[in-house]
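To start, the structure under review is shown below, and the notes come after it.
The values are calculated or read from the model by the stated rules, or taken from the named source; none is laboratory data. This structure is a prediction, so every number in the text was calculated from the model and none was measured. No Cβ is skipped: glycine too gets one built from the backbone with ideal geometry, and neighbour counts run over all protein chains shown. To get the accessible areas, we keep the full protein, side chains included, count just its heavy atoms, and leave off ligands, DNA and RNA. Shrake-Rupley method; radii C 1.70, N 1.55, O 1.52, S 1.80 Å.
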Amino acid sequence: MEPIKLSFNVDGENFVSAGEASTAVKTTLKKMGFPGDTVRRVAIAMYEAEINMVIHAHGGTVDVEICPDKIVIVLADKGPGIPNIDLAMQEGYSTAPDDVRSLGFGAGMGLPNIKKYSDDLEIETELGVGTTLTITINC
Amino acid sequence: MKISEIQQLLDAKVHCGQEHLDQEVSSACGSDMMSDVLAFVKDQAVLLTGLLNLQTVRTAMMMDMKCIVFVRGKVPDANTIELAGQSGIVLMSTENRMYQACGKLYNAGLYTEGSEQ
Ligand SMILES: Nc1ncnc2c1ncn2[C@@H]1O[C@H](COP(=O)(O)OP(=O)(O)OP(=O)(O)O)[C@@H](O)[C@H]1O
Ligand SMILES: [Mg+2]
């Protein structure tokens, strides 16, 4: 099977539409007959990263490659970058302002959760340039 | 427990998903932080929350949850109800506060895990 490729723009100014890309990917994987556990891992990891893009980085693009044995999700933004990745990966570390917390996010659990649900997580980041997350989930 | 029993125990008003009230659910959780739901919840099918925005429904979708109960009489907006309706998620509102609502369901045998006592 040729890998299936899906691409999305994530609007950084619109909190309401955040998660639309993750929903579309989840629906596609379900239709293709991937196991429920795989679908859920992809959905949660991608949703966390998509929300991060909106609340920390003014949006960006997502490219998803679906292969029979793995799903690779690349999320690229032109946000502020992450100054200290080790710190950002710690549970409970968050720079989210109070208005984000009142929306139900900003507990500092997203990146550790992405790590937990993925088989491989790579983070490339440069201050003032942006951040690219590459999430791989094996089936 | 059937979702319809949750509705009766909490005297809740159903906004969408009326056709799914016969579904069985075996566990629930309560939180206003979607971050925590995404990080700590495993197979809980019911979410009790005081958080009203649309991301509550998206979170439930990602986690394959079946029902969201809004506490303290909070009523979701039309967009939120529409998204939940399309996704087959039951939305309801109860006048009970979070602690009361969780307590009533727990007492009736709806635990955090299916079998815990
Ligand atoms: N795409 C990004 N661009 C810039 N900074 C980011 C990005 N993603 C994460 N961060 C930084 O890393 C921190 C930790 O991210 P993480 O997702 O773990 O927690 P959070 O988003 O703050 O809260 P939660 O995920 O629990 O809602 C963030 O608070 C932010 O400072
Ligand atoms: Mg996050």
How many angstrom lie between the Cα centre of segment B:66-117 and the Cα centre of segment A:53-112? 28 Å
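Counting DSSP beta bridges with both partners in chain B, what percentage is antiparallel, nearest 5? List each step's numbers first, then the result.
Details: 4 of 16 bridges.
Within chain B, antiparallel bridges account for around 25 percent of the total.
Explain nothing, just the number: dipole magnitude of segment B:3-107 about its Cα centre with +1 on each Lys and Arg Cβ and -1 on each Asp and Glu Cβ, in debye rounded to the nearest 20. Can you show the working numbers first?
Working: 8 positive and 12 negative charges, 59 e Å.
Result for segment B:3-107 is approximately 280 debye, rounded to the nearest 20.
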Quickly rank B:24-30, A:95-101, A:47-53 as a protection proxy: mean count of other C-beta atoms within 10 Å, highest first. A:47-53, B:24-30, A:95-101
So for the pair residue B:104, residue B:13, with labels modelled 7 Å out along Cα→Cβ, what separation do we get in nm? 1.5 nm
Put one equal scatterer on each alpha carbon of chain B, apply the Debye formula with no solvent term, and list log10 I(q)/I(0) at q = 0.12 1/Å to two decimals. -0.34
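Leaving ligands, DNA and RNA out of it, report the carbon-plus-sulfur percent of the accessible area of segment B:3-107 at a 1.4 Å probe.
Details: 2140 of 4450 Å².
Summing carbon and sulfur atoms, their accessible area is 48 percent of the total for segment B:3-107.
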Could you work out how much longer the chain between residue A:124 and residue A:91 gets when fully extended? Use 0.36 nm per residue separation minus the Cα distance between them, nm to one decimal. 9.9 nm
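If you take every DSSP beta bridge fully contained in the protein assembly as shown, what fraction is antiparallel? Give it as a percent rounded to 5. Walk me through the intermediate numbers first.
Working: 34 of 46 bridges.
Of all bridge pairs located within the protein assembly as shown, approximately 75 percent are antiparallel.
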Reduced to Cα centres, the span from segment A:10-51 to segment B:1-59 in Å works out to 19 Å
Size of charge dipole - segment A:4-138 - debye, nearest 20, with Cβ of Lys, Arg +1 and Asp, Glu -1, no other charges: 520 debye
For residue B:77, project a label point 7 Å along Cα to C-beta. Then give me every residue of segment A:25-60 with its amide nitrogen under 18 Å of that point. A:55
By how many nm would the segment from residue A:70 to residue A:37 lengthen if fully extended, with 0.36 nm per residue of separation less the alpha-carbon distance? 10.6 nm
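What is the interface area between chains A and B, defined as buried accessible area summed over both chains with a 1.4 Å probe, reported in Å² to the nearest 100? Write out the running numbers ahead of the final one.
Details: alone 7660 and 6190 Å², together 11960 Å².
Between A and B, the summed buried area is about 1900 Å².
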I'd like to check one number: the per residue accessible area of segment B:3-107, probe 1.4 Å, reported in Å² as a whole number. 42 Å²
Integer Hz, Karplus 6.51/-1.76/1.60 couplings in order for segment B:58-67, x for Gly and Pro: 4, 4, 4, 4, 4, 8, 6, 7, 10, 8
